[in-house]
Amino acid sequence: MSGILPSLTTDLTAVPLPRRPLDLAAFGDDPVRRWYENELGWPAVPASTAESPLRLRLGLRFDILDVPAEAGRVALRHLTGTSPVAMRGDRMEILVAAGSTEELPGLLDWLEWGALALDLRAIGTGGVMRAPRPPEPAVSGLGEVPSGRPAGPGEDESLALPARPEGGALQGAAVWLRPPEPGCEVEASLPTLSALGGDGDAPDLVRVVNTVATHCHRLRLRLRRTRP
């Protein structure tokens, strides 16, 4: 752990950016951008065309851990009920504390996963995240958001993943599995290294990454066994 201990002094829960006042002229007719920037205070990159999706700037309020949905689903038990998690196709995007992208290589080495090619990556400063549609009824007039499949027998309801609509409607579209809550600062619910040995209620990034890496490795081995 010595390789990452010095970075624990980095403040990953910096004072959040002030929320912008509601300015309809600035936001235009985009209710999604209004919800993200005014209700949540999350900086967004405006869509370049009417068909292009809104994107969220990373590295300011949070980074994301992009993993296969099957591996991410197992890691949900290490999060809180208010930890935001999004789905995009067969990928899960777990919001983690800002600065986690820089910590991931050292953390994987310490957990002895660094030498393996795993299907996971952290995206932070300079990156963007396709903005999932806000949950109803936060923003009206956006159409129906795909509902999640029911949990199976003995399965935790909170671990159920969204069902894939016919025709692959989820391909390329981002949806919230666990949406953020307006009025609540997101930083307190994000996995962070500072939770290691701390007294706070923030999820432990070490447990999340180790769980995801373990199941990414299992998926990799399963794929190798099924190949001719």
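The values are calculated or read from the model by the stated rules, or taken from the named source; none is laboratory data. Small disclaimer: the values here were computed from a predicted structure and weren't measured. Here Cβ is always computed from backbone atoms with ideal geometry, including for glycine, and neighbour counts include all displayed protein chains. The area values use the complete protein model at the heavy-atom level, side chains included, leaving out ligands, DNA and RNA. Shrake-Rupley method; radii C 1.70, N 1.55, O 1.52, S 1.80 Å.
What are the residues whose amide H is under 5 Å from the amide H of Leu120, where those residues sit 5 or more places off or on another chain and H is modelled from the backbone?
none
Taking 0.36 nm per residue of separation and subtracting the Cα-Cα distance, what length does fully extending Asp30 through Ser48 add?
Contour length minus the Cα-Cα distance gives 5.2 nm.
From the protein chains alone at 1.4 Å, what is the descending order of accessible area for Asp63, Asp30, Asp90, Asp201, largest first?
Descending order: Asp201, Asp90, Asp30, Asp63.
What does the charge add up to near Ser52, with Lys and Arg as +1, Asp and Glu as -1, over the other residues with Cβ less than 12 Å from its Cβ?
So the environment of Ser52 carries a net charge of 0.
Quickly work out the Arg77-to-Thr214 label distance, labels modelled 7 Å from Cα along the C-beta direction, and quote it in nm with one decimal.
Taking the two extended label points, one gets 0.9 nm.
Would you mind computing, in nm to one decimal, how far apart the modelled labels at Thr125 and Ala69 are, each placed 7 Å from Cα along Cα→Cβ?
Each label point is offset 7 Å from its Cα along the Cβ direction, giving 3.3 nm.
Please arrange Trp113, Trp35 by accessible surface area, largest first, computed with a 1.4 Å probe and ligands excluded.
Result, largest first: Trp113, Trp35.
Tell me, what is the 1.4 Å probe accessible area of His78, in Å² to the nearest 10?
Approximately 60 Å² for this residue.
With all protein chains present and a 1.4 Å probe, how do Arg225, Arg61, Arg218 order by accessible area, largest first?
I get Arg225, Arg218, Arg61, largest accessible area first.
Tell me the accessible surface of Glu102 in square angstrom (1.4 angstrom probe, heavy atoms of protein chains only), to the nearest ten.
120
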